[in-house]
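K.L.:
Pasting in a structure now, in structure tokens, and then I'll have a few things to ask.
The values are calculated or read from the model by the stated rules, or taken from the named source; none is laboratory data. Since the structure is predicted, the reported quantities are computational estimates derived from the model, not experimental observations. Methodologically, a virtual Cβ is constructed for each residue, glycine included, from the backbone with ideal geometry; neighbour enumeration extends over all protein chains shown. We work out accessible area using only protein heavy atoms, side chains counted, and drop any ligands, DNA or RNA first. Shrake-Rupley method; radii C 1.70, N 1.55, O 1.52, S 1.80 Å.
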Amino acid sequence: MSLLVVGLSHRSAPVSVLERASLSADAQVKLLHDTLAAEPAAEAAVLATCNRIELYADVDKFHAGVAELSTLLAQHSGVGLEELTPYLYVHYEDRAVHHLFSVACGLDSMVVGEGQILGQIKDTRALGQELHTAGRLLNDLFQQALRVGKRAHSETGIDRAGQSLVTFGLEQLAAGESVEDWAKGKRALVIGAGSMSSLAAATLARTGVDEIVVANRTHARAERLVEILGEAGTAARAVAMADVARELTRVDIAVSCTGATGLVLTGEAVATALGLPPLAPAADPATVARLSDADRTALAEVAAAERAGLLADGTEPAEAVRSGAPAPDAAGCPVDLAALADAGITFAGPGVDALNAAPAVDVNSLELHGSWAERAERPQAGAGRGVRVPAGPVRLALLDLAMPRDIDAAVHRIPGVRLVDIESLAEASADAPMAADVDQVRSIVSDEVAAFGAAQRAAHITPTVVALRAMAAEVVAGEVARLEGRLPDLDDKQRSEVTQTVRRVVDKLLHAPTVRIKQLAAEPGGAGYADALRTLFDLDPETVAAVSRADLNDADVKNRGRS
């Protein structure tokens, strides 16, 4: 059996795909059970976070395992296999171990070095144990991943290479200003009371905001979080989810991270809270589908320019639409708005006048349908790539840490609103400098991968060695019994001495070979030594399997004690 991981993350897939592929708690349980029911897999675990979905399994066939795990991910994520496949990555055996250890250390996180992933890995291992889908290999793997992650954080300065998503998100909202100065005197709304929302509330409290309002579907959890904040000296109160719209009119910052499958804050709700007219309705998907690739690209470029408040050449969008003047993007590629208008394509949104009577196409919806034109954006200095900064004063700062998203992406078009979400954080973190400690962590990961592989290979041969010694003990016992039949006059002392002598001879004969074979088995390619030992000594495969099952049961008891 061999370790296989199939998954997708913010490094391999756009946020829109990750959002659609996200797995609910029930879906994760069903995925694990279905994976074990599949022929190639003997163990399974799923690591599902806001920016990655990975299925780990112990498989006996590589190609069949990849096909089966990919199919199962597609089925349970709701994204078709054909669409999902280009975004999937596969790691096998030592590469799979290396990948998980890197993830545990924060090397593969959206914000390098963040420590939240350790808690998520712990939850993954606990779920596998609870459902009995994780056997000895995956239990050992995830337990060791936790140790490697903790070692990286304790022995290096990887924490300085990045922060939690919450801290990083607040820095992006502050747009170059210190978070403490930016947050001073502000009131904040935290939607959700889970681990990430609680972290957001605690982080906001440390920045010195005047008040924190917590809204959660389960009011008791919101009250508990408020109690903790109050004990730390922060003014806080709990409200029902139904009161979010009202509270939105009173706060300066809103952070949302819930498990909702739909939007928690719509563009209409945010616009209403600021006393502004609602956004234009989203485009009919059928209308968007009829557009050519060139039209979608052109419209996305206009959308990007509109987000910045100006077209790339400095022309006000409404003026450009009225005049029909071409609006070159940052690379100088002209966008002929008049030609698009002649084709019956119109625009709707702040600062853009509708053309003729053709059906309006919401520019934000076009963004979400595919062509993202970032070149015309004008990020404020220090804001980081991908963070949309309104031209005027910021009346409401929004941080969306949920996947799928809690906050309508269209709110960035509302004057006075600044939105930072998972997607913009991914873009901004791509420009973040890597700390020198990252190299040290990579070295730790490499060493730990080698040690884990050696331990697993050595453990693989242990049942065979135990079975060999058990067979030798049976031979000794049989020969001693036969000797007693031939020499019935031996007294107890003589019989004991003969027995001990025979056992010592057998132990000495077996000692060097068993020590050496354990050493050889721990080396790369050493898995075949167990088969050779079974063949040479004609060991009963069922005896070896029984030893393995006993070891696995012992490991389960030990692992449950650590949880």
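K.L.:
Run the 1.4 Å probe and let me know the accessible area of residue 30, rounded to the nearest 10 Å².
P.N.:
110
K.L.:
Sticking with this one: Given a cut-off of 31 Å, name the pairs among 61/122; 493/518; 150/184 whose C-alpha atoms lie farther apart than that in the structure shown.
P.N.:
Values: 61/122 27 Å; 493/518 36 Å; 150/184 33 Å.
Long pairs (Cα-Cα over 31 Å): 493/518; 150/184.
K.L.:
Let me ask something else. Give me the number: length gained by fully extending residue 480 to residue 26, i.e. 0.36 nm times residue separation minus the C-alpha to C-alpha distance, one decimal in nm. Mind dumping the intermediate values first?
P.N.:
Values: separation 454, 0.36 × 454 = 163.44 nm, distance 5.94 nm.
So the extension gain works out to 157.5 nm.
K.L.:
Classify the range 119-264 from the C-alpha gyration tensor, please: rounded if a/c falls under 1.5, else prolate or oblate depending on whether a/b exceeds b/c.
P.N.:
Details: a/c = 2.48, a/b = 1.50, b/c = 1.65.
Taking the square roots of the gyration eigenvalues as a ≥ b ≥ c, the range 119-264 is oblate.
K.L.:
Something else now. Let me know the shape class of the range 45-176, please: from the alpha-carbon gyration tensor, a ≥ b ≥ c as square roots of the eigenvalues, rounded when a/c is under 1.5, otherwise prolate if a/b is greater than b/c, or oblate. Can you show the working numbers first?
P.N.:
On the way: a/c = 2.13, a/b = 1.41, b/c = 1.52.
It comes out oblate by the Cα gyration axes.
K.L.:
Please give the peptides 42-49, 231-238, 262-269 ranked by average Cβ packing (other Cβ atoms within 10 Å per residue), highest first, as a rough proxy for protection.
P.N.:
42-49, 262-269, 231-238
K.L.:
Keeping the other protein chains in place, figure out the carbon and sulfur percent of the accessible area of the range 1-42, with a 1.4 Å probe.
P.N.:
Values: 860 of 1710 Å².
For the range 1-42, the apolar C and S fraction of the accessible surface comes to 50 percent.
K.L.:
Mind checking the dipole of the range 399-501: about its Cα centre, +1 per Lys or Arg Cβ, -1 per Asp or Glu Cβ, Debye to the nearest 20?
P.N.:
Numbers: 10 positive and 18 negative charges, 70 e Å.
Approximately 340 debye in magnitude.
K.L.:
Can you order the peptides 60-69, 529-538 by their average number of other Cβ atoms within 10 Å per residue, highest first? Display every interim value, and only then the final one.
P.N.:
Numbers: 60-69: 16.9, 529-538: 14.6.
Ranked from most to least packed, the peptides come out as 60-69, 529-538.
K.L.:
If amide hydrogens are placed 1.01 Å from N in the peptide plane, which non-local residues have theirs closer than 5 Å to the one on residue 419?
P.N.:
388, 398
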